[in-house]
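S.K.: Have a look at the structure that comes next, please.
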Amino acid sequence: MIDAGHGGIERGAVGVGGILEKEVALDVAKRVAEQLKAQGYDVAMTRDEDATLSLMTRSAKAASYQADLLVSVHANSSRSSDVQGIETYFPECCIEPMSHSYVQQLKSLVGYDDLHYIGVRSKNDQKLAYIAENIRKIKMELSKKLAFNIHDQVLKTVQKHKGAIVDRKVRKGPFAVLVQGTRPAVIVEVGYITSETEASRLTDSSYCDILARGIVNGIGAYVRAHTQKRKTA
Ligand SMILES: [Zn+2]
């Protein structure tokens, strides 16, 4: 599931020359989705137009699509026009395992009948807590791996085709789109639209194509290394 950050009435950051984060995010996200489809991946987008979506809706879409992962594309901003570079986030924490919504997610993920089958009798059952905690740990580990794969490939791909780029590292973030849900999730901040250099790069379609290629290469590296799933080509 590819998520374009913000949208509709939520413009996100505003950059040099009035460039809007929601537009940059959508442009790059669409290119990622197209390139993945061209490689035979089964891809969906949380939005493919200028629509307003809640954070909960984004995770819910990923869950109902039974996506293997969620990659959310954003652009960054700073008060200083000197700040540039790419950052990738993985979840800092997840929803408390036994919170009501987490139990609901878990039930929707594996089906309550399945939980019942393996001996979970109520939402306060210790087995459910154990399963939830393990899913949470797996999600954290895989999200971190996905973040490093994507970050690494975006830097390499941009450096190869478009020259130097500032590495602002892989970081932990408490963002809702990351912590909600049970699937691996990352946010890619593709550059600072408040930097003149990056704003002009991010409005250049060939640059956005290369960025998208980096993200796709990172997803490919992750899929090859960490999943058993075949592409659905
Ligand atoms: Zn954003």
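The values are calculated or read from the model by the stated rules, or taken from the named source; none is laboratory data. As the structure is a prediction and not an experimental result, all values here were calculated from the model. A quick note on method: Cβ atoms are made from the backbone with ideal geometry, for glycine too, and the neighbour counts reach across all protein chains shown.
Results for (1) touching a residue at least 24 places away in the same chain (Cβ under 8 Å); (2) over 10 Å from the mean Cα position of the chain (by Cα); (3) within 15 Å of the ligand (Cβ to nearest atom), shown as yes or no for each residue.
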position: Met56; (1), (2), (3): yes, yes, no
position: Ala67; (1), (2), (3): yes, yes, no
position: Val71; (1), (2), (3): yes, no, yes
position: Ala75; (1), (2), (3): yes, yes, yes
position: Asp82; (1), (2), (3): yes, yes, no
position: Thr88; (1), (2), (3): yes, no, yes
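S.K.: Confirm whether Asp27 is away from the ligand (no atom under 13 Å from the Cβ) and more than 27 Å from Ser206 (Cβ to Cβ).
M.R.: It is false that Asp27 is away from the ligand (no atom under 13 Å from the Cβ) and more than 27 Å from Ser206 (Cβ to Cβ).
S.K.: Need pairs with beta-carbon distance below 6 Å; first residue free of Cβ contacts under 8 Å to residues at least 40 places away in the same chain and more than 18 Å from Gln84 (Cβ to Cβ) and within segment 9-30, second charged (D, E, K, R) and buried (at least 22 other Cβ atoms within 10 Å of the Cβ); sequence gap 6+ or separate chains.
M.R.: The qualifying pairs are Arg11/Lys22.
S.K.: Quick check, is Gly40 of a type outside the set (A, V, I, L, M, F, W, C), buried (at least 20 other Cβ atoms within 10 Å of the Cβ) and modelled with pLDDT of 95 or more?
M.R.: Judged against the criteria, Gly40 is not a match.
S.K.: Here's a follow-up. I'm trying to understand the selection: among the residues of segment 195-223, which are under 15 Å from Lys156 (Cβ atoms) and hydrophobic (A, V, I, L, M, F, W, C)?
M.R.: Ile210, Leu211, Ala212, Ile215, Val216, Ile219, Ala221, listed by residue number.
S.K.: Among (1) within 16 Å of the ligand (Cβ to nearest atom); (2) more than 22 Å from Ser64 (Cα to Cα), where does Leu178 come up short?
M.R.: Just one mismatch for Leu178, condition (2).
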